[in-house]
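Some notes on the structure that comes next.
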Amino acid sequence: MILAIDAGNTNIKFGFMEKHQVLYSFKVATDHGKTSDEYWFYLQSFAQGLPLELEQIEGISICSVVPSLDPIFVALIKRYLKKNWIFVEPGIKTGLTIATENTKELGADIVAGAVGALYSYSLPAIVLSFGTATVLSAISSKKEILGVSIAPGMVNSSESLFSKTSKLPRIDIRQPDVFIGRNTVQSMQSGFFFGFLGMINYLIEGILHEMKEEKEENVKIIATGGLCSLMAGSLKKVNFMDPYINLKGLSVLYEKNVAHSID
């Protein structure tokens, strides 16, 4: 069993993986002040009451876009888990070619998601991630990460509007029944849901057009991330919803690479 850790700016997702499939998973809010002892407590608490023994973990695979957390995870592994590990970082074996101008700029989460798409779906594909940012990653039939489109995330944009205005409230993002809101909350929900829907549809169309120019046909679109279940149903071109695509990719990456020794 592999422990996959996907550390994002908003949440950290932990997945217990067997044969690249998720057995169990949980997530916690990203907190730069948490210690390795606290993350060990989270793991122990989650495992209680489940047919899950932490001693069964054979290795750990981590993608992190929060550098300050990296030494915390290493301390967690060395003190408590005592297994081999990998970080998703430049130079590891992925099975993909990164065709961007500067390969080191590509986020570890984007690489993990692309590897998950390579393993679980047929290529070409677009991985559409609804997270702290809205990210669309284009992957060719030749197993190349062609490039990425990065837009604001829905939740962060909503929070920014709430914090920067005096009278607009914090809202739950959901699909409203109308475009023309009859009250402030409904008006904001309309703007956010339909506005982001329009933006994402336009980005998808543009990426598909550019991929078609590269002779990429029958592109699969895979939605993932915290809001994929809310948004994907209204995006007609989305073929699959897979909230675990990064965790699957992390499991595959562990298998492909020589793990660091705990010594």
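The values are calculated or read from the model by the stated rules, or taken from the named source; none is laboratory data. Predicted model only: the values in this text are computed from it and were never measured. A quick note on method: Cβ atoms are made from the backbone with ideal geometry, for glycine too, and the neighbour counts reach across all protein chains shown. Heads up: the accessible areas ignore ligands, DNA and RNA and are worked out on the full protein's heavy atoms, side chains in. Shrake-Rupley method; radii C 1.70, N 1.55, O 1.52, S 1.80 Å.
General observations
- Radius 9 Å from Cβ of PHE14, net charge of other residues (Lys, Arg +1; Asp, Glu -1): +1
- Order of exposure, largest accessible area first, which applies to MET154, MET199 with probe 1.4 Å: MET199, MET154
- Global geometry of the stretch 140-214, whether rounded, prolate or oblate, following the gyration tensor of its Cα atoms and the 1.5 cut on a/c: prolate
- From its DSSP helices (H runs of at least four residues, each -39,500 (n - 2.57)), the chain gives a residue-normalised ellipticity at 222 nm of -10500 deg cm²/dmol.
- The separation of the stretch 27-44 from the stretch 153-172, counted between C-alpha centres, amounts to 27 Å.
- Oblate is the label for the stretch 181-263, because a/c, from the alpha-carbon gyration tensor with a ≥ b ≥ c as root eigenvalues, is 1.5 or above and a/b does not exceed b/c.
- Annotation: amide H-H contacts under 5 Å for ASN11 (H modelled 1.01 Å from N, sequence separation of 5 or more, or interchain): THR30.
- HN-Hα J in Hz across the stretch 166-175 - Karplus 6.51, -1.76, 1.60, θ = phi - 60°, x for Gly and Pro: 7, 10, 7, x, 6, 10, 7, 7, 8, 7
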